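A short write-up of the structure that comes next.
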Amino acid sequence: MKIMIRRAPDTGLCIYVPKKDLEEPIVESEFETLWGGWIKIANGWVLELPAMAADTRLPITVEARKRSEEESV
């Protein structure tokens, strides 16, 4: 699914999922740089992010994969 990741002044990093009209803060991540690992958002979803350079500028739209309940952190 396509998601947009941006830095919000009040919540820090957050994602927006256009198809679901969903905006949620990122509450946990596998790696400090985000890229190439998983992130967990406030509603409980765990998403796999593509590998990218650590200095990738935000906001950015990327293709992410939602983990199933069995795969979650």
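Computed values, structure above
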read-out	value
Amide hydrogen neighbours beyond the local backbone of GLY36, cut-off 5 Å, H modeled	LEU49, ALA51, MET52
Options GLY37, SER68, PRO18, ranked by Cα towards positive dipole end of the chain, top entry (Cβ charges)	PRO18
The chain: most fluctuating residue of GLY36, GLY12, GLY44 per GNM, C-alpha cutoff 10 Å	GLY12
Value of relative contact order over the chain, rounded to a whole percent, pairs C-alpha under 8 Å and six or more apart	29 percent
Ranked LYS19, LYS66, criterion: other C-beta atoms within 10 Å, fewest first	LYS19, LYS66
Gained length - MET52 relative to SER68, 0.36 nm times residue gap less alpha-carbon distance	3.5 nm
At most 16 other Cβ within 10 Å, DSSP loop - GluC sites (Glu not before Pro), the chain	GLU30, GLU32, GLU69, GLU70, GLU71
Additional length obtainable on full extension of the chain from THR61 to LYS20, 0.36 nm per residue less Cα span	13.3 nm
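Here, each number is a calculation from the coordinates, and none is a lab measurement. Just so it is clear, the structure is predicted and the values come from calculations on it, not from any experiment. In this analysis, Cβ positions are derived from the backbone assuming ideal geometry, glycine residues included, and neighbour counts consider all displayed protein chains.
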